[in-house]
Amino acid sequence: MPDITFITNDGKVVSAPEDSNLLRISLREKGGIPFKCGGGLCGTCKCLVEEGRENTDAVKKKEEKLLSAEELEQGYRLACQTFLKGDVKVSWEETPKGGAAGARQVQSKAEA
């Protein structure tokens, strides 16, 4: 059973069956990865696979839409779209209380 280390959540380690979804494990085990939609639409669950990228499945089209090529290359994934084949260590950016988790700054056409 793969071990998942939630670095941002004080290094909490949990075990999960192979082919488990990263976000579902985080929710079930109180891993702490932020989320809103859970369906690859909002990008809130963006996290960095710091170790064990080889133990994740292939990047999905939804991830390619929400994450830049540079982010994907660095190891960022959407937890809701990521399934695990082995041990991983993940981190994410914490948002301040009351902040919009995962909110993206959109520049209006007037500002562009």
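Could you list all residues from the range 1-17 that are of a type in the set (A, V, I, L, M), open to solvent by less than 30 Å² (accessible area, probe 1.4 Å) and closer than 10 Å to G31 by Cα? I4, V14, listed by residue number.
V106 meets all of the listed conditions (1) modelled with pLDDT of 95 or more; (2) exposed (fewer than 13 other Cβ atoms within 10 Å of the Cβ) but one, namely (1).
Among the residues of this structure, L41 does not count as one that is within 16 Å of L78 (Cβ to Cβ) and surrounded by 16 or more Cβ atoms within 10 Å (Cβ to Cβ).
The values are calculated or read from the model by the stated rules, or taken from the named source; none is laboratory data. Source: prediction; values computed, not measured. All Cβ positions, even for glycine, are placed from backbone atoms using ideal geometry, and neighbour counts span all protein chains on display. Just so you know, the surface numbers come from the protein's heavy atoms only, side chains and all, with ligands and any DNA or RNA stripped out. Shrake-Rupley method; radii C 1.70, N 1.55, O 1.52, S 1.80 Å.
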